[in-house]
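Comments concern the structure below.
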């Protein structure tokens, strides 16, 4: 908790002001409702519940500093370390807020509306009506969308976070490798559901949470894996894992306000086998080649689109069938910021890679496997990386060999 409050002090004290100026924001107002919290609140308050009927956080560009005011129903010692606390009577909230706004007379008032993603659209209709009614028509004309600002706010990492994020990715890696092993899987008996629920149990034992359910996929010789959209479909929980299966897991957890995202493969050895077939190993190497090309290209300041176009051009010259759908992460598993994606920029706004930001390097290649009678197999990889001065660096070593289940 103390570490997260130190991060908060730095983010609000030194990072916020220049960011507000870059986006032309004189005042930023965040409204949080009990049972309908704004996604931004977790990252502008200490890691404690905010449970007032309606709490209001006001950030004001005072030229050389950001004045921070929290209008809340309940006093909180730790909140006072970061805000000037006001506790008006419930029926006076709007009146007191109007006094603050009128006294500063901002040119722009940014609200968490108008974005394409949930992280940018936390203001409810009722809270908007509360603000508009309380502040009056002239102030309502000053309302602007905070969406571009929030993209940068959520995609900006501070150096101190990296040490803890490395722990989060390590935990993700260890749970995944254990799940894809004989500790959990007995071929012919263990189901997909057994593996999923075992992973969730390990996360629970650590006192952590996941931000999405663990997914497993199975590719088999002489068996067609279905598709959902443009991706391989997940396996049913009742599916029994068999010898010769190529398993894939997609898994991520939350720790210290940061999220991970992770995909790895395991091969279930057939009787007499000591390694995966050579064709499968070649397929994995193709995915490693795609990773190599992306890491060679990507640098801070580039757009995700440029990284995508250059990487795909390089991998096509090698004759490899590939897909890239990498996305920012950190504050959220599917974060705001630039995406490196065949579907275009879906990161929610600014499309420049920020120094120190985190990216889920998510991609796949498809390769025909001689040992599987020319059947095509897709090797999906997802690794968390940080943007350094020399480009992306994986937080943990990537997978270059299949995990083997005996």
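What's the number of the condition residue 173 fails, among (1) closer than 25 Å to residue 47 by Cα; (2) in a helix (DSSP H, G or I); (3) within 20 Å of the chain's Cα centre (by Cα); (4) in contact (Cβ under 8 Å) with a residue 40 or more places away in the chain?
(1)
Give me the residue from region 214-228 that is in a loop (DSSP other than H, G, I, E, B) and at pLDDT 95 or above and, out of that set, nearest to residue 380 (Cα to Cα).
Among those that are in a loop (DSSP other than H, G, I, E, B) and at pLDDT 95 or above, it is 214.
Residues being assigned to a loop (DSSP other than H, G, I, E, B), in contact with a strand residue (DSSP E or B) (Cβ under 8 Å, 6 or more places away or on another chain) and within 30 Å of residue 162 (Cβ to Cβ): count how many of those fall in region 254-295.
Of the residues in region 254-295, 2 are assigned to a loop (DSSP other than H, G, I, E, B), in contact with a strand residue (DSSP E or B) (Cβ under 8 Å, 6 or more places away or on another chain) and within 30 Å of residue 162 (Cβ to Cβ).
Can you find a residue in region 190-204 that is in the same structural domain as residue 397 (by TED's automatic domain parsing), modelled with pLDDT of 95 or more, surrounded by 15 or more Cβ atoms within 10 Å (Cβ to Cβ) and over 27 Å from the mean Cα position of the chain (by Cα)?
Scanning region 190-204 turns up at least one residue that is in the same structural domain as residue 397 (by TED's automatic domain parsing), modelled with pLDDT of 95 or more, surrounded by 15 or more Cβ atoms within 10 Å (Cβ to Cβ) and over 27 Å from the mean Cα position of the chain (by Cα).
Restricting the search to region 380-402, which residues are surrounded by 20 or more Cβ atoms within 10 Å (Cβ to Cβ) and more than 22 Å from the chain's Cα centre (by Cα)?
Passing the criteria: only 402.
Give the residue that is farthest from the chain's Cα centre (by Cα), with candidates limited to residues of region 308-334 that are closer than 25 Å to residue 251 by Cβ and in a helix (DSSP H, G or I).
Among residues in region 308-334 that are closer than 25 Å to residue 251 by Cβ and in a helix (DSSP H, G or I), the one farthest from the chain's Cα centre (by Cα) is 311.
Considering only residues that are surrounded by 15 or more Cβ atoms within 10 Å (Cβ to Cβ) and within 17 Å of residue 169 (Cα to Cα), look in region 205-230 and name the one that is nearest to the chain's Cα centre (by Cα).
By that ranking, first place goes to 210.
Is it the case that region 370-383 has a residue that's closer than 28 Å to residue 167 by Cβ, assigned by TED's automatic domain parsing to the domain that holds residue 166, without any contact (Cβ under 8 Å) to a residue 24 or more places away in the chain and part of a loop (DSSP other than H, G, I, E, B)?
Scanning region 370-383, I find no residue that is closer than 28 Å to residue 167 by Cβ, assigned by TED's automatic domain parsing to the domain that holds residue 166, without any contact (Cβ under 8 Å) to a residue 24 or more places away in the chain and part of a loop (DSSP other than H, G, I, E, B), so the answer is no.
The values are calculated or read from the model by the stated rules, or taken from the named source; none is laboratory data. Keep in mind that what you see is a predicted model, and the values were worked out from it rather than measured. Cβ sites come from the backbone with ideal geometry, for glycine too, and all protein chains shown count toward neighbours.
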